[in-house]
1. So, in region 73-86, exactly how many residues are of a type in the set (A, V, I, L, M, F, W, C) and either over 12 Å from the mean Cα position of the chain (by Cα) or modelled with pLDDT under 80 (or both)?
2. Kindly indicate whether residue 59 is under 12 Å from the mean Cα position of the chain (by Cα) and either of a type outside the set (Phe, Trp, Tyr) or modelled with pLDDT of 95 or more (or both).
3. In region 64-79, is there at least one residue being of a type in the set (Asp, Glu), surrounded by fewer than 16 Cβ atoms within 10 Å (Cβ to Cβ) and free of Cβ contacts under 8 Å to residues at least 40 places away in the same chain?
4. Which numbered condition trips up residue 70, out of (1) more than 12 Å from the chain's Cα centre (by Cα); (2) in a helix (DSSP H, G or I); (3) not small (Gly, Ala, Ser)?
5. Are any of the residues in region 60-67 under 25 Å from residue 1 (Cβ atoms) and among the basic types (Lys, Arg)?
6. Taking region 45-82, which residues are in contact with a helix residue (DSSP H, G or I) (Cβ under 6 Å, 6 or more places away or on another chain) and among the β-branched types (Val, Ile, Thr)?
7. Taking region 8-56 as the search range and keeping residues that are of a type in the set (Asp, Glu) and modelled with pLDDT of 95 or more, which one is surrounded by the most Cβ atoms within 10 Å (Cβ to Cβ)?
8. Which count do you get for residues in region 25-47 that are at negative phi and more than 8 Å from the chain's Cα centre (by Cα)?
Amino acid sequence: MRIKTKDLYCGAYILSKGGTLEDAHLSADGRRGRPSVTFILGGENVKKLSQEFLGGRAHVNLASFKVAINQLKEVMFDLIDKEGAK
């Protein structure tokens, strides 16, 4: 199963619980004209994990969550840098 999210923290939660980052896309429809990144996450439990996060039932190892946030930020900034280089 796969889900899409623009929420950095939701994506990091899913990654920290065993989900995988399958792809990421940059679009220009972000707030105040800023670019927006959509993360595409896959794995057996991604829908359940997304619902846990959005429902306020997320429990996570903080170190794993921090690593996942940094991973997604790196992807996000790489996409933005590539777009700016065009």
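The values are calculated or read from the model by the stated rules, or taken from the named source; none is laboratory data. Just so it is clear, the structure is predicted and the values come from calculations on it, not from any experiment. Cβ sites come from the backbone with ideal geometry, for glycine too, and all protein chains shown count toward neighbours.
1. Total meeting the criteria: 4.
2. When the stated conditions are applied, residue 59 does not pass them.
3. Filtering region 64-79 down to residues of a type in the set (Asp, Glu) leaves 74, 78.
Checking which are surrounded by fewer than 16 Cβ atoms within 10 Å (Cβ to Cβ) leaves us with 74, 78.
Then drop every residue that is not free of Cβ contacts under 8 Å to residues at least 40 places away in the same chain, which leaves 74, 78.
Taking every residue of region 64-79 in turn, at least one turns out to be of a type in the set (Asp, Glu), surrounded by fewer than 16 Cβ atoms within 10 Å (Cβ to Cβ) and free of Cβ contacts under 8 Å to residues at least 40 places away in the same chain.
4. Only one criterion is unmet by residue 70, namely (1).
5. Looking through region 60-67, none of the residues is under 25 Å from residue 1 (Cβ atoms) and among the basic types (Lys, Arg).
6. Selection gives 46, 60, 69.
7. The qualifying residue surrounded by the most Cβ atoms within 10 Å (Cβ to Cβ) is 52.
8. Counting residues in region 25-47 that are at negative phi and more than 8 Å from the chain's Cα centre (by Cα) gives 16.
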